[in-house]
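Asks: Provided herewith is a single structure, encoded as structure tokens, for subsequent inquiry.
The values are calculated or read from the model by the stated rules, or taken from the named source; none is laboratory data. Bear in mind the structure is a predicted one, so any value in this text is a computation, not a measurement. Every residue, glycine as well, gets a Cβ built from its backbone with ideal geometry; the counts of neighbours run over all protein chains shown.
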Amino acid sequence: MLNWLFVALLTVSMHAYGHSALSLNAPSDNLTLAATEWCPYVCKNEQKKGFVSDYITELFRHYGISVDVVVLPWSRAIFSARQGKYDGLLTAVHSEAPEFIFSSVATGSYQMCFFGKPGLEFNYNNRSALQGKILGVIHDYGYGAPIDSILEAPLDGETIYPITSSDALHQLIEMTKLGRIDLFIEDRMVVASMLREQPEKAQLTRYSCFKEIPFFTAISPQNTSGKAWQEFLTQALNSEFAKNLYHQAKSRYQ
């Protein structure tokens with residue numbers, strides 16, 4: 001009995017010490033992050049806010065820090081955080097916000113795939129597969145290699161159709177159904193989530209997919225405590241507690 005009590009007290013003591021140590025490294029007890037609707041990662045739903053929103057909120061709460069997530073169209077989210085209206089971006093890759101301050105540990109990962117109408121003859125082995133195709137994309141999104149470099153400098157015969165919308169995925173799906181674009185690129189979990197919620201949009205085929213890509217929580221270059229937040233994020237995200245919490249949050253949305 002005494003041994004059990006000692007172990008319990010030691011565990012509580014170690015937990016409290018770790019909690020206070022990391023809390024001391026946090027510049028403040030509140031962080032406001034901009035994001036865009038990217039369900040199931042980030043959702044405009046008060047009951048189910050998305051597994052990354054849940055994950056970061058719960059992780060920071062563990063260290064006594066409250067997190068507010070503001071959902072905006074993506075271009076506005078980047079612009080507003082860049083100007084310092086918000087402390088940073090909940091999810092981002094370096095190509096989307098190169099001047100932001102990124103932690104050295106990823107917040108999570110995503111996987112981009114091509115989607116189009118059933119029966120399309122398409123298989124992405126290299127960029128020649130895009131010849132003669134109209135590809136729909138979301139303006140200011142970071143799709144990862146090799147798509148980002150293709151979007152920056154399309155070749156003759158590659159037609160890129162960028163859209164800026166607060167309801168971008170719905171618009172891309174409708175444009176695909178109407179034949180205005182041949183393909184669009186989106187994360188496989190995002191499309192699967194939408195099709196579960198709106199099965200009437202299910203006339204889509206998933207074609208080639210790329211390797212998973214890490215995404216990060218990025219701090220605004222205007223945030224004077226950016227380096228301190230970077231250090232805090234790196235420590236917090238690298239813990240076993242964080243890794244378990246991420247998988248638990250993700251499993252609730254699958």
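Asks: Any chance you could count how many residues in region 146-157 are without any contact (Cβ under 8 Å) to a residue 12 or more places away in the chain and either acidic (D, E) or not in a helix (DSSP H, G or I) (or both)?
Replies: Restricting attention to region 146-157, the residues satisfying the condition of being without any contact (Cβ under 8 Å) to a residue 12 or more places away in the chain are 149, 152-154, 156.
Checking the rest, the ones that are also either acidic (D, E) or not in a helix (DSSP H, G or I) (or both) come to 152-154, 156.
Summing the residues that are without any contact (Cβ under 8 Å) to a residue 12 or more places away in the chain and either acidic (D, E) or not in a helix (DSSP H, G or I) (or both) in region 146-157 gives 4.
Asks: Out of curiosity, is Q83 within 13 Å of I219 (Cα to Cα) and surrounded by fewer than 18 Cβ atoms within 10 Å (Cβ to Cβ)?
Replies: On the way: within 13 Å of I219 (Cα to Cα): yes; surrounded by fewer than 18 Cβ atoms within 10 Å (Cβ to Cβ): yes.
Taking the combined requirement at face value, the residue satisfies it.
Asks: Return the residues of region 173-182 that are hydrophobic (A, V, I, L, M, F, W, C) and either part of a helix (DSSP H, G or I) or within 24 Å of S109 (Cα to Cα) (or both); say none if nothing qualifies. Don't jump to the end; show me each part of the working.
Replies: Here is the first cut: in region 173-182, the ones hydrophobic (A, V, I, L, M, F, W, C) are 173, 175, 178, 181.
The answer is I173, M175.
Asks: Right, here's the next one. Criterion first (assigned by TED's automatic domain parsing to the domain that holds S80, closer than 28 Å to A106 by Cβ and either modelled with pLDDT of 95 or more or surrounded by 13 or more Cβ atoms within 10 Å (Cβ to Cβ) (or both)) does A168 satisfy it? Before you say what the answer is, go through the steps one by one.
Replies: Values: assigned by TED's automatic domain parsing to the domain that holds S80: no; closer than 28 Å to A106 by Cβ: yes; either modelled with pLDDT of 95 or more or surrounded by 13 or more Cβ atoms within 10 Å (Cβ to Cβ) (or both): yes.
So A168 does not fit the description; no.
Asks: Of the residues I185, I160, which is of a type outside the set (F, W, Y), assigned to a strand (DSSP E or B), within 17 Å of W38 (Cβ to Cβ) and modelled with pLDDT of 95 or more?
Replies: On the way: I160 fails: within 17 Å of W38 (Cβ to Cβ).
Being of a type outside the set (F, W, Y), assigned to a strand (DSSP E or B), within 17 Å of W38 (Cβ to Cβ) and modelled with pLDDT of 95 or more holds for just one of I185, I160, which is I185.
Asks: May I ask you to verify whether H94 is out of contact with any strand residue (DSSP E or B) (no Cβ under 8 Å at 6 or more places or on another chain), farther than 25 Å from D167 by Cβ and in contact (Cβ under 8 Å) with a residue 40 or more places away in the chain?
Replies: Values: out of contact with any strand residue (DSSP E or B) (no Cβ under 8 Å at 6 or more places or on another chain): no; farther than 25 Å from D167 by Cβ: yes; in contact (Cβ under 8 Å) with a residue 40 or more places away in the chain: yes.
Criteria not met by H94.
Asks: Give just the number: which of (1) without any contact (Cβ under 8 Å) to a residue 40 or more places away in the chain; (2) of a type in the set (A, V, I, L, M, F, W, C); (3) surrounded by 13 or more Cβ atoms within 10 Å (Cβ to Cβ) does L178 not satisfy?
Replies: Here L178 clears every test but (3).
Asks: Also: Going through L33, L90 one at a time, which residue ends up being closer than 23 Å to Q248 by Cβ, part of a strand (DSSP E or B), modelled with pLDDT of 95 or more and touching a Gly at 6+ places or on another chain (Cβ under 8 Å)? I'd like the intermediate steps shown before the answer.
Replies: Details: L90 fails: touching a Gly at 6+ places or on another chain (Cβ under 8 Å).
Matching residue, one of L33, L90: L33.
Asks: Criterion first (outside any strand (DSSP E or B) and either more than 21 Å from Y63 (Cα to Cα) or acidic (D, E) (or both)) does E200 satisfy it? Write out each step before concluding.
Replies: Values: outside any strand (DSSP E or B): yes; either more than 21 Å from Y63 (Cα to Cα) or acidic (D, E) (or both): yes.
So E200 fits the description; yes.
Asks: Counting only residues that are touching a Cys at 6+ places or on another chain (Cβ under 9 Å) and either assigned by TED's automatic domain parsing to the domain that holds L72 or buried (at least 16 other Cβ atoms within 10 Å of the Cβ) (or both), which one in region 190-204 is modelled with the lowest pLDDT?
Replies: It comes out as M194.
Asks: For region 212-242, which positions are touching a strand residue (DSSP E or B) at 6+ places or on another chain (Cβ under 9 Å) and surrounded by fewer than 15 Cβ atoms within 10 Å (Cβ to Cβ)?
Replies: Selection gives E212, P214, K227.
Asks: Is at least one residue of region 110-130 out of contact with any Phe, Trp or Tyr (no Cβ under 6 Å at 6 or more places or on another chain), buried (at least 18 other Cβ atoms within 10 Å of the Cβ) and of a type in the set (A, V, I, L, M)?
Replies: Within region 110-130 (the criterion being out of contact with any Phe, Trp or Tyr (no Cβ under 6 Å at 6 or more places or on another chain), buried (at least 18 other Cβ atoms within 10 Å of the Cβ) and of a type in the set (A, V, I, L, M)), the answer is yes, since at least one residue qualifies.
Asks: Do you know which residues across region 50-87 are among the small types (G, A, S), assigned to a helix (DSSP H, G or I) and free of Cβ contacts under 8 Å to residues at least 40 places away in the same chain?
Replies: So in region 50-87, the residues among the small types (G, A, S) come out as 50, 53, 64, 66, 75, 77, 80-81, 84.
Checking which are assigned to a helix (DSSP H, G or I) leaves us with 53, 75, 77, 80-81.
The one that is among the small types (G, A, S), assigned to a helix (DSSP H, G or I) and free of Cβ contacts under 8 Å to residues at least 40 places away in the same chain: S53.
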